[in-house]
Structures are given as C-alpha cells and as structure tokens.
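A short worksheet on the structure shown next.
The values are calculated or read from the model by the stated rules, or taken from the named source; none is laboratory data. Everything numeric here is computed off the predicted structure, so don't read it as measured data. Note: ideal-geometry Cβ built from the backbone for every residue, glycine included; neighbour counts use all protein chains shown. Quick note on the areas: whole protein, heavy atoms, side chains included, nothing else; ligands and nucleic acids left out. Shrake-Rupley method; radii C 1.70, N 1.55, O 1.52, S 1.80 Å.
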Amino acid sequence: MCGIVGAIAERDVTPILVEGLRRLEYRGYDSAGVAVIQDDLKIGRNRTLGKVKYLQEAIEKNPIKGHLGVAHTRWATHGVPSENNAHPHICKNQVVLVHNGIIENHDELREQQEKLGYAFTSDTDTEVIVHQVHHFLNQGDDLLQSVNKTIAMLDGAYAIAVITIDEPNHMVVARRGSPLVIGVGIGERFIASDVSALLPVTNRFMFLEDGDVADIHRDKVVVFDEKGKEVQRAIKQSELSADSADKGPYRHYMLKEIFEQPRAITETLDGRISGRKVLDDAFGLGAAEIFDQVSGVTILACGTSFHAGMVAKYWFEAIAGIPCMVEIASEFRYRKPVVRKNSLVVTISQSGETADTLAALEEAKRLGFGHSLVICNVPESSLVRASDLALLTRAGPEVGVASTKAFTTQLTALMMLVIALGRRFNVTEEKEHEIVDGLIHIPGMVEKLLHEIDQPIQELSEDFADKFHALFLGRGSMYPVAMEGALKLKEISYIHAEAYPAGELKHGPLALVDAEMPVITVAPNDDLIEKLKSNMQEVYARGGRLYVFADAESKIEATGTTKILHIPSCSELLAPIIYTIPLQLLSYHVAVLKGTDVDQPRNLAKSVTVE
C-alpha cells in the first residue's frame, strides 16, 4: 500500500527521500510526492501522478532542498488518483503531513473543520489530519501536543509523519494499525514504512509499537506509548544490504524472485533440521510445550498466503491426522466462529503487516482459540511481534507484487510445521525421515526444473497472447495450486482466470469450455491421476484446448488440442511446491508478451496494510 519516507539531517534530504520512495515502489501506488522545509523556512513541494521517476523529473525542473522533509507514494482509497489527492498535504503553508491508512470518521472531522474556516483542496481522508494539527498549533500547542490531541480524535488506521515551519528541527510521527520504522544514523534520523527504503543510509532501526508516538530530532528520538508514557524501543541492526532488492541481470523483479526460489527454500530449511528431524526450537522459545497442548489448527491468511494455507490443510489432515480449518482473514474477523480450544492459530503473511490478518489474529485471541504462530518473511513485522511463536521464511526481499518465492517458502515452512505437530499425532519417525529427505532435495529439484522449463514455457506462452479468459484445474492439494496459478495469471497479465477442482467441471465450468478457452491442468502422478484424466477427456471432447503440466509417468499423451509439458517425478506430498514453479513462469511470460507492468500491476499493492 502507501509508502512513507522522512528524514532529518544536516545534509540535503531530498535525494534520500526520493531514493526511499523508489525502494518502496513494490508496495503499489498511483502518485508520489515530496516536501521539505527549505533554508528560508518555506515549504518546497513536488507531487506527480504515476511513477517515482516522474517525481524525480519534476524535482530536476523545480529543485527543492532542505534538511527536514517527508515523502509519500499513494495508493488511492479516498479520492481518485490525482495530483491534488497526492501526498504530502499542506495546511496554510505551515504544516506538512503524510499518512498511510484510512480515517473512518473523516466526514465528521471535515464538517467540523469547514465550520472553522478550513478549505479543502483534496478528496482524501488525510487532509482532515493536517488541518486538525494546524488547528491545535494555532491554539498555542506545540507540534507534539498537537499531534497527540489530533490522533485522539481519529478513528481508523494510520501511520503519520508531521513537520512544521514553526519547529524546523524535528518531526513527530505516530502509528496505529500501519507499520512505521525509524532509521538511526550518526547525527541524523529517518523514518519509513519499511526498512528497505532506508538501507542506503542506515542498517540500524527502531520499530514502533502500535499506538506509539515519536518525537524525532537529528540526534535523538523520544518515544511515547499509547498511554503517553515515555518508553524505550530497542535499536536493532538489519542483516539486509542496500543492494538486496536490485534486479541484477533479470528483466523484472518477479523473474529474479522466481529464480531465487532454490536459495530461498534452502534458507527456510537451514538450521531447522537435524538428524532427519525438524527441530521444535525452530518455531521459537517454548514451542515444544505449546505443541504438546495443540488439538487442532486454525489458519488465517489472505491472497497467496491463503492458498498456502489451503495446501497445508490437506497436509495436516492427510499426513498428521490433525483437524485443520483455513479461513480468509477478512471474513473470519467479521463472523462468529465456534471457538476451538487449544487450536494453534497459524497466520501466514509475506510482509507480516497484512491488516486483515492482524485483525483476525487479535479476534482469535479475544475469543480464546489458543496459542498463535506466524509464518512470515519479515522478522520485525507486526504479526511476528503479536504472535507467541514465529517461523521466519527468510526468503529475502520480495519486490514483485505477484508473490512467488514467498509462496514456496511458506509451503516449505508449513510442511515443517506439519511434521513438528504431527509427531504428537500420526507422523512416525520413519514418515518424518521420508518427508525431511524430500524437503532437503527440493531446492535442487527446483533449480533443475527452472532451467529446464523456462524456455519451453516461454514458447508455450505465445498461445495466450490473444486470450482474455483461462481455466485452471487441479485435484486434491493441486486444487489450491491451481488457484494460485490462476491468481498469478490474472494479477499480472490481466487475463480473467479461474480455478476449479477438476471434479467440479460438470457442475458449471464445462459450459465455458470451447476452442478459445485455454484449460491449464496440473497433473502429478498421484492417487487422483486417473480421475483427472477423465476430467481432461471432458474438456477434450468439447473442443477445449488443454495445457497440461504432467509427471512423465502419468502417461498423458499430447493430441492436436492438448499440449503436454513434462515435470520431473517428485514425491506426492511435495508436489505442490514443484508444480507451482511452471505456473509462475507461465504467468510471467504471458504478462511480458501482453506488455503489462509485471512488477507493479495496476490497482494492486504488495502489502495490504489497510482494510
């Protein structure tokens, strides 16, 4: 979603702010802006629609310089994408503010402020915040007091950064429901929505807790918790490097991240397996004691992470004999679920900042479901801090909006959890050794597969260049893999794609099948292969065009309207990881042919930090 960057230093901060925005582009946005307090104590601001590069060009034409400033990439919620709606927002040439989140009572505040004589120049909910801060400043409060009084009036989620020409030596920031991190330099301080924005200038970070307010100066930061009490927040050193999110030789981040999967899966496994066994301690301090109490699993997730959870449901029940419920987080929080005592609540999120998943976790805690565990890629994230246990995927920065290595590392992590919990149920030592051996070989298999099938899939993708619809089929644990494949295709190529359990063809989707509807099928050589072959015959008999990713041993033959791409044989249990790879490559190459913005598809955001 939206991205915030801010800086206070003795040097000109404008280049730092723009570079920070560039590094936040992966979050998704439609406009960008930067504002600084200049040496003459006037506010310099540039805002543009579209990419950060257009903002950079605007600054080159109309230079602004200052030692204190804020910047923002906006993903439209209230108000259409436009320059007037872009951040930063300014009130009466005195106060500057950027904001992530949604203010739910903005209509009420706008009405009050209009009566006080404030004129609105945008359609955003954000503008009420900057006006309210200005109002309290004019009442004689300082900036910190004004921000505190303002946020006390806000309903909703926010991360805000505020500066004013009246106090040009510091900024005040606050967060509730949206992430915000403070970067610590020597004689300078920075803020951002994500550490990746600040890696060129520091690797030392302070992570604000929900409800925190921070008064930030060049040489110090004073933090207050939600009760207004001064608190200390630890400074942590990030292991990420400034170039860890560069594309390198790849055309797009997504392709780079697809090819990073062997290394990413290796990192997920590293140090968590010993003697062909998964270590309980890999999940955190006290994991063994918590796992001993578990009688079931409840998975909460959104999007790609939800698909990973659906695969895991098959695994938990078939391998471990553990009852498992998988919920879309945005739905779970608004219904009345029956509480299952001693159910391990597993949240899955690449960023660890997904608003709906965070809210669903809090609801599960309130209802008394049981202990919580998060599978996440970001160690300092809100979900990690809110959970009893955490298994970090260590996938590294994922910049492309369409998730790839996050999904396969989530599946890897979930299989380790299935084993660890399953030891308390149906997983024998022999079975554990078998699965662990398979996991250890997965990175090598993925590496070999990537290099063998990339070119054939690139050629196959040409059949999709003029298509507008596609159908994905799978059975058993391949059904959520098909769902993930359909999601990838629709996300980045804008082809309308749907996934169905293959057995459901006769219950509706078969009506759509004709020569213009490509049907993509994932066909490992498992217990359901004969059933799947029957389903494919239903498509073939109606003139449908089949594209089958099949195990060579499945004996599925190519015909005039059926194209086969053989996938190396693999364990039935780990097939979801392997068969995901060709579907990722297919979506990528189709999107390239269609000329879409692969890494930043329209209307989408990488990290959904608002409801």
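Of all residues in segment 166-192, those satisfying the criterion of being in contact with a Lys or Arg (Cβ under 7 Å, 6 or more places away or on another chain) and touching a residue at least 60 places away in the same chain (Cβ under 8 Å) are 187, 188, 189. Note on segment 143-165: among residues that are open to solvent by 30 Å² or more (accessible area, probe 1.4 Å) and either among the polar types (S, T, N, Q) or at pLDDT 95 or above (or both), the one that is nearest to residue 220 (Cα to Cα) is 144. Being in contact with a helix residue (DSSP H, G or I) (Cβ under 8 Å, 6 or more places away or on another chain) and of a type in the set (Gly, Ala, Ser) is a property that does not hold for residue 351.
Residues that are in contact with a Lys or Arg (Cβ under 6 Å, 6 or more places away or on another chain) and modelled with pLDDT of 95 or more: list the strands (runs of 3 or more DSSP E) wholly contained in segment 1-110 that include at least 1 such residues.
So the answer is 3-8, 31-37.
Condition first: in a loop (DSSP other than H, G, I, E, B) and among the acidic types (Asp, Glu). Now tell me which residues in segment 111-129 satisfy that. Listed by number, the residues that qualify are 123, 125.
Within segment 371-384, the set of residues being open to solvent by 40 Å² or more (accessible area, probe 1.4 Å) and farther than 11 Å from residue 353 by Cβ comprises 371, 379. Kindly provide the set of residues from segment 123-142 that are open to solvent by less than 10 Å² (accessible area, probe 1.4 Å) and over 19 Å from residue 226 (Cβ atoms), ordered by number. Answer for segment 123-142, where residues must be open to solvent by less than 10 Å² (accessible area, probe 1.4 Å) and over 19 Å from residue 226 (Cβ atoms): 124, 125, 126, 127, 128, 130, 131, 134. Taken as a whole, the structure places residue 540 among residues that are in contact with a strand residue (DSSP E or B) (Cβ under 7 Å, 6 or more places away or on another chain) and either of a type in the set (Phe, Trp, Tyr) or without any contact (Cβ under 8 Å) to a residue 24 or more places away in the chain (or both). Here residue 557 clears all of (1) among the acidic types (Asp, Glu); (2) part of a loop (DSSP other than H, G, I, E, B); (3) open to solvent by 60 Å² or more (accessible area, probe 1.4 Å); (4) touching a residue at least 12 places away in the same chain (Cβ under 8 Å) except the condition numbered (4).
Just to be sure before I move on: is residue 398 closer than 27 Å to residue 499 by Cα, among the charged types (D, E, K, R) and free of Cβ contacts under 8 Å to residues at least 24 places away in the same chain in the structure I sent? Judged against the criteria, residue 398 is not a match. Against the list (1) at pLDDT 75 or above; (2) within 33 Å of the chain's Cα centre (by Cα); (3) assigned to a helix (DSSP H, G or I), the condition residue 526 fails is (3).
Taking each residue of segment 485-505 that is on the phi > 0 side of the Ramachandran plot and looking for partners that are open to solvent by less than 10 Å² (accessible area, probe 1.4 Å) with beta-carbon atoms closer than 9 Å, six or more apart or interchain, yields 494/591; 494/601. Looking only at segment 312-363, residues that are open to solvent by 10 Å² or more (accessible area, probe 1.4 Å), among the small types (Gly, Ala, Ser) and under 25 Å from residue 289 (Cβ atoms) come to 1 in all. Residue count for segment 9-53, restricted to those that are in contact with a Leu (Cβ under 9 Å, 6 or more places away or on another chain), touching a residue at least 60 places away in the same chain (Cβ under 8 Å), open to solvent by less than 30 Å² (accessible area, probe 1.4 Å) and more than 18 Å from residue 85 (Cβ to Cβ): 4.
Considering segment 469-510, and only residues there that are small (Gly, Ala, Ser) and part of a helix (DSSP H, G or I), the residue that is most open to solvent (accessible area, probe 1.4 Å) turns out to be 503.
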